[in-house]
1. Go through the range 283-374 and tell me which helices (runs of 4 or more DSSP H), entirely inside it, have 2 or more residues that are at pLDDT 95 or above and either out of contact with any helix residue (DSSP H, G or I) (no Cβ under 9 Å at 6 or more places or on another chain) or surrounded by 16 or more Cβ atoms within 10 Å (Cβ to Cβ) (or both).
2. Taking residue 184 as the residue in question, decide whether it is in a helix (DSSP H, G or I) and out of contact with any strand residue (DSSP E or B) (no Cβ under 7 Å at 6 or more places or on another chain).
3. Would it be correct to say that residue 189 is in the same structural domain as residue 21 (by TED's automatic domain parsing), modelled with pLDDT of 95 or more and not in a strand (DSSP E or B)?
4. May I ask you to list the residues in the range 138-159 that are touching a strand residue (DSSP E or B) at 6+ places or on another chain (Cβ under 7 Å) and either surrounded by fewer than 19 Cβ atoms within 10 Å (Cβ to Cβ) or more than 30 Å from residue 383 (Cβ to Cβ) (or both)?
5. Which of the residues belonging to the range 87-116 are in contact (Cβ under 8 Å) with a residue 40 or more places away in the chain and not in a loop (DSSP other than H, G, I, E, B)?
6. Can you say whether residue 207 is under 21 Å from the mean Cα position of the chain (by Cα), buried (at least 16 other Cβ atoms within 10 Å of the Cβ) and under 30 Å from residue 36 (Cα atoms), as far as the supplied structure shows?
7. Can you name the residue in the range 248-270 that is under 26 Å from the mean Cα position of the chain (by Cα) and free of Cβ contacts under 8 Å to residues at least 60 places away in the same chain and, of all such residues, is surrounded by the most Cβ atoms within 10 Å (Cβ to Cβ)?
């Protein structure tokens, strides 16, 4: 431990980040900016070549600005992942996806591939940090059985893509180690690069469960607000008026209704919890029902559209990504809404200024032009919508506002979630 601790404190420890997506790449760049020599591992030659050329495939101003200089100074190097290259690192940070299958079961394929590669490496004296989101006991079960003497920590990522204030450097870090030495090494490592608190918990399992609770809490509360929005609508009450009033109570934390929940965390992580609960023979009906409520929201928006749709109407969907001002399409409820339209053989056009043409092609879609439509659907409330809607919403346009973006009537009328402007 002493040797590795000295390397960490002197910033001579070689940092390897396995998986350079929305979590791994910002983290790797942060380590490099703080003075560490970082190797980022990917499986795609295309991504490796882009990064080696100083270009980012993730829309992030800081990365795009910092990457060319870090590559030039060789503080950041991108390589295809291999046991030989991974073995050269002193610290190995794992940031691979942990999605769910079509049947909503945990998919640990990528994490298990990393584990298989690590089994071929002499890990003696090295620190392994698992930042991939997993259920309790997973880090220990998948990464805790290697033969050599190494250090192991779980520190679930908390990245919020598109949030310019809560970047990686300013997000509190939860860490749990398999022993005191592992925990201390991780604490010193993250304190070298973060301006936020490093929060130590008693075990890796506590760290894993903390992440599960964070996102399950949000899933449940969003579902509750979705239900209240439907009730408010039946009563002719504006749900945003209600939320504003409720927020004056200091114990209330506002969540907002929308076309649905997307991204890599809220619609995914709770299923890891439910699988663990199933193994422990425990029912978690509140969480289970909340997930179903959130997943039904695209259907609810479809019902609103169908109530005003006439054959031949031009439908334009604005925004495909799961959150505003990012190009991230993972688990986007707007894509689920598009699938429902296709299933019902209702033609539509889409427009999203943040989605690349190649990503559109993969979805068998293409960016339309902004022109007057009969029905304008707000899928994602990008900042650009404030001006863009004027090109697509005319006096006779009906707006289906899946994000409650509009606070007044535009077009013929606005039909929101728990509110309307007629």
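The values are calculated or read from the model by the stated rules, or taken from the named source; none is laboratory data. Fair warning: this is a prediction, and the values are worked out from it, not measured in the lab. FYI the Cβ positions are ideal-geometry reconstructions off the backbone, even for glycines, and counts take in every protein chain you see.
1. Values: elements: 285-295, 297-306, 333-343, 357-362.
Of the helices (runs of 4 or more DSSP H) lying wholly inside the range 283-374, those with at least 2 residues that are at pLDDT 95 or above and either out of contact with any helix residue (DSSP H, G or I) (no Cβ under 9 Å at 6 or more places or on another chain) or surrounded by 16 or more Cβ atoms within 10 Å (Cβ to Cβ) (or both) span 285-295, 297-306, 333-343.
2. It is true that residue 184 is in a helix (DSSP H, G or I) and out of contact with any strand residue (DSSP E or B) (no Cβ under 7 Å at 6 or more places or on another chain).
3. yes
4. Going through the range 138-159, the residues touching a strand residue (DSSP E or B) at 6+ places or on another chain (Cβ under 7 Å) turn out to be 139, 143-144, 150-156.
Passing the criteria: 139, 143, 144, 150, 151, 152, 153, 154, 155.
5. First pass over the range 87-116, keeping only residues in contact (Cβ under 8 Å) with a residue 40 or more places away in the chain: 88-100, 104-106, 110, 114.
Listed by number, the residues that qualify are 91, 92, 93, 94, 100, 106, 110, 114.
6. Judged against the criteria, residue 207 is a match.
7. Restricting to residues being under 26 Å from the mean Cα position of the chain (by Cα) and free of Cβ contacts under 8 Å to residues at least 60 places away in the same chain, the top hit is 270.
One line per residue, one yes/no per condition, for (1) closer than 27 Å to residue 185 by Cα; (2) crowded, with 23+ Cβ neighbours inside 10 Å:
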| residue | (1), (2) |
| --- | --- |
| 15 | yes, yes |
| 35 | yes, no |
| 44 | no, no |
| 49 | no, no |
